[in-house]
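Enquirer: Have a look at this one before I ask anything.
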Amino acid sequence: MILRTVLRSSMCCALMVTAAPVAAESTLFEDEASSLQLSGDLRLRLEQDWSSLRGDGTERDDRLRVRGRARLRLDAQIDDNWSAVLRVRSGSDDSQQSPHITLYDADDNDTGDADFNFDLWYGQFQSGGWRVWAGRNRINLWRQDEYILDDDVTAPGLGITYTHQLGGGELSWNGGLGSLPAGMRKFSGQYASGQVVYEQDNDDYGFTLAGTYLGIDADADNANGAILLTDNSTRDYQTAALQAQLRLKSFTRPLTIGVAAERNLENYDDEPPGSFSEFHKDDVDFYTFFVNWGSSDKRGDWLLGYYYSYIEALAINSSYSEDDWVRWGSATQTRASNLKGSEFRLAYGVADNMNIVVRLYLVDAIDLLNATDTAKEDGNRARIDFNLSF
């Protein structure tokens, strides 16, 4: 208990006192071909949840929390071809989705665990158009959002990319294999991924097109997966997605528009009657759209954004998807599917390595979560994030 209090207090103090610009990263060592660099980021978040309905028709209590995140990263460039990465992050041992720690709960609810884990540790070889890595890393897929995979989800495995010129742009072939996390220290199930990405940038515009496949082979006999919600540790997935992103200038400011259409190709017709899979066996489609105008990368920059998502219950494995939009789930596991709704975003660059992001989420469930439910879930959420990188 004392250690947990010290960890939270230290993080909160660090986040609050670093409100002045600092160096983006620290070079510990450098010569012609080798370098050792230390970097990191801190976040302080104010989060409010309200008007959230459970499946049994009762209201969840409104919730106001202060949360924080801390990450520290070491990058080693060994020579022209070889490099290695090591990063430690805050969060709970039982959450593969979130590195955040609750520092203060306005209603004196349990603030949960305050743990630290290595979420990145991998070696990489790069030569010509080839890049190969092995270790624990983000799954080797280009993504324009966090719906298929949350950016905080990392998994031990292998990734390979080959990039070559095609026309006026670049064509990349991405592949990966590995184990899937159940929390930060245990694993359950495997994944295989493949992707083709074409990207082109010109003086006036740029665009990216991507075709993605993510297959998940669940390990139903592995007890580690018990913490995953909605039977995700026992269900296979085959997510196929098409993504497109257009980048323009509008009134001298960057304008980015993205769309995606996805489907889970797995067949659930033979699932046991009354099971979650059988109840949602046809709920396998997923559509998203977003538009961002501006940026918040530099001091004085600002961004306006809008995101819309329509994610059916089994379109994705919700144990590895984003955990921002809803509070549905448990203290350490979010099940962000079976939802439709909007995110409104405003961001401002306080300094080149510091910004403030304000987000509002308005979400409704598409269908009942379980056959025995009497109401569709919903919920509203607002967040104010202060982000600092160093």
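The values are calculated or read from the model by the stated rules, or taken from the named source; none is laboratory data. Owing to the predicted nature of the structure, the values given are computational and were not obtained by experimental measurement. Note that we place each Cβ from the backbone using ideal geometry, even for glycine, and neighbour counts take in every protein chain shown.
Enquirer: State whether the residues of region 367-379 include one that is under 18 Å from the mean Cα position of the chain (by Cα) and surrounded by fewer than 17 Cβ atoms within 10 Å (Cβ to Cβ).
Expert: Start the filter on region 367-379 by keeping residues that are under 18 Å from the mean Cα position of the chain (by Cα), which leaves none.
Checking region 367-379: not a single residue is under 18 Å from the mean Cα position of the chain (by Cα) and surrounded by fewer than 17 Cβ atoms within 10 Å (Cβ to Cβ).
Enquirer: Sticking with this one: If I ask for residues that are under 22 Å from the mean Cα position of the chain (by Cα) and within 13 Å of W142 (Cβ to Cβ), which ones from region 182-198 would you list?
Expert: Listed by number, the residues that qualify are S193, G194, Q195, V196, V197.
Enquirer: Determine which member of the set D105, D151, D93 is closer than 15 Å to L214 by Cβ and surrounded by fewer than 18 Cβ atoms within 10 Å (Cβ to Cβ).
Expert: Among D105, D151, D93, only D151 is closer than 15 Å to L214 by Cβ and surrounded by fewer than 18 Cβ atoms within 10 Å (Cβ to Cβ).
Enquirer: Something else: Could you check, for region 227-236, whether at least one of its residues is closer than 30 Å to L166 by Cβ and not acidic (D, E)?
Expert: Checking region 227-236: not a single residue is closer than 30 Å to L166 by Cβ and not acidic (D, E).
Quick grid of which residues meet (1) of a type outside the set (S, T, N, Q); (2) under 17 Å from I216 (Cα atoms); (3) in contact with a Leu (Cβ under 7 Å, 6 or more places away or on another chain):
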residue: A84; (1), (2), (3): yes, no, no
residue: R87; (1), (2), (3): yes, no, yes
residue: S98; (1), (2), (3): no, no, no
residue: L120; (1), (2), (3): yes, no, yes
residue: F125; (1), (2), (3): yes, no, no
residue: G129; (1), (2), (3): yes, no, no
residue: V132; (1), (2), (3): yes, no, no
residue: I139; (1), (2), (3): yes, yes, yes
residue: T154; (1), (2), (3): no, yes, yes
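Enquirer: Follow-up. When you scan region 32-41, do you find a residue that is loosely packed, with under 13 Cβ neighbours inside 10 Å and either modelled with pLDDT under 95 or under 22 Å from the mean Cα position of the chain (by Cα) (or both), even just one?
Expert: Yes, some residue in region 32-41 is loosely packed, with under 13 Cβ neighbours inside 10 Å and either modelled with pLDDT under 95 or under 22 Å from the mean Cα position of the chain (by Cα) (or both).
Enquirer: Then there's this: Just name the residue that is surrounded by the fewest Cβ atoms within 10 Å (Cβ to Cβ) out of those in region 287-317 that are of a type in the set (G, A, S) and closer than 20 Å to Y205 by Cβ.
Expert: Taking the candidates together, the pick is S295.
Enquirer: Determine whether R263 is farther than 27 Å from W50 by Cβ and not in a loop (DSSP other than H, G, I, E, B).
Expert: Yes, satisfied.
Enquirer: Related question: Could you list, in sequence order, all residues of region 117-143 that are in contact with a Gly (Cβ under 9 Å, 6 or more places away or on another chain), of a type outside the set (V, I, T) and touching a residue at least 60 places away in the same chain (Cβ under 8 Å)?
Expert: Those that are in contact with a Gly (Cβ under 9 Å, 6 or more places away or on another chain), of a type outside the set (V, I, T) and touching a residue at least 60 places away in the same chain (Cβ under 8 Å): N117, D119, L141.
Enquirer: If I filter region 96-141 down to residues being among the hydroxyl-bearing types (S, T, Y) and modelled with pLDDT of 95 or more, which single residue comes out as farthest from L46 (Cα to Cα)?
Expert: Residue satisfying both the conditions and the ranking: S127.
Enquirer: Still on this model: Could you tell me whether I2 is aliphatic (A, V, I, L, M) and at pLDDT below 95?
Expert: Yes, satisfied.
Enquirer: Can you confirm whether S277 is polar (S, T, N, Q), within 26 Å of T154 (Cα to Cα) and modelled with pLDDT of 95 or more?
Expert: On the way: polar (S, T, N, Q): yes; within 26 Å of T154 (Cα to Cα): yes; modelled with pLDDT of 95 or more: yes.
In short, yes.
Enquirer: Let me ask something else about it. Applying the selection to region 157-191, what residues are surrounded by 16 or more Cβ atoms within 10 Å (Cβ to Cβ), touching an Asp or Glu at 6+ places or on another chain (Cβ under 8 Å) and in a loop (DSSP other than H, G, I, E, B)?
Expert: If the condition is that a residue be surrounded by 16 or more Cβ atoms within 10 Å (Cβ to Cβ), touching an Asp or Glu at 6+ places or on another chain (Cβ under 8 Å) and in a loop (DSSP other than H, G, I, E, B), then G183, M184 are the ones that fit.
Enquirer: Which ones in region 201-225 are assigned to a helix (DSSP H, G or I) and surrounded by fewer than 12 Cβ atoms within 10 Å (Cβ to Cβ)?
Expert: Passing the criteria: only A223.
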